[in-house]
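**Q** Take a look at the following structure, please.
The values are calculated or read from the model by the stated rules, or taken from the named source; none is laboratory data. Small disclaimer: the values here were computed from a predicted structure and weren't measured. Here the Cβ is made from the backbone with ideal geometry for all residues, glycine too, and neighbour counts use every protein chain on show. SASA here: full protein model, heavy atoms, side chains in, ligands and nucleic acids out. Shrake-Rupley method; radii C 1.70, N 1.55, O 1.52, S 1.80 Å.
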Amino acid sequence: GVIMDWDTGDVIVTLAAYITGAANICFSTGGVIAGGGKNPTVGEAAVEFVMASQDYIGRAIPANTTSLPSKECVRFYFLTNKGIYAAQEQVKYFEDESSPWLSLFEKGSLVINEIRSSGTGALTH
């Protein structure tokens, strides 16, 4: 699976996506959109995100903790059968399209957008 923690400035948005197609969004304000992967479009996007993450694990470092990203950053956690790996990138490098992590970030953002637009996930607090 892959966890993407995104410091949007006002809130931290956490996307959790798994190879099964399951996907959830959590907000640091306390809200959760769970069950998004029940929608086939969301499930496909989640699987693509996880599959793409395999190309990035070699750039990540082993992680003993799962702390939140630094201000104005996105942190990726790669959940593998050999442990958890982490990497972080500044949002400004996604915005100017210079980040080597851009493609992975875009795939994660697509999962978030699909969950939000599908209406299949249940928002809870």
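**Q** Restricting to the range 26-55, and then to whatever is at pLDDT below 95 and aliphatic (A, V, I, L, M), can you tell me which residue is least open to solvent (accessible area, probe 1.4 Å)?
**A** Filtering first and then ranking leaves V42.
**Q** Further question on the same structure: Would you please list the contacts, defined by Cβ atoms under 9 Å and residues six or more apart or on different chains, that run from a residue in the range 94-106 that is more than 17 Å from D7 (Cβ to Cβ) to a residue that is open to solvent by 60 Å² or more (accessible area, probe 1.4 Å) and among the acidic types (D, E)?
**A** Matching pairs, first to second residue: S103/D55.
**Q** Please go through the range 64-98 and pick out each residue that is at pLDDT 95 or above and open to solvent by less than 20 Å² (accessible area, probe 1.4 Å).
**A** Across the range 64-98, the qualifying residues are C73, V74, F76, Y77, F78, A86, A87, F94.
**Q** Considering the range 9-23 alone, what residues qualify as being in contact (Cβ under 8 Å) with a residue 12 or more places away in the chain and farther than 17 Å from F78 by Cβ?
**A** G9, V11, I12, V13, G21
**Q** Report whether or not E89 is touching a residue at least 12 places away in the same chain (Cβ under 8 Å), touching an Asp or Glu at 6+ places or on another chain (Cβ under 9 Å) and of a type in the set (D, E).
**A** no
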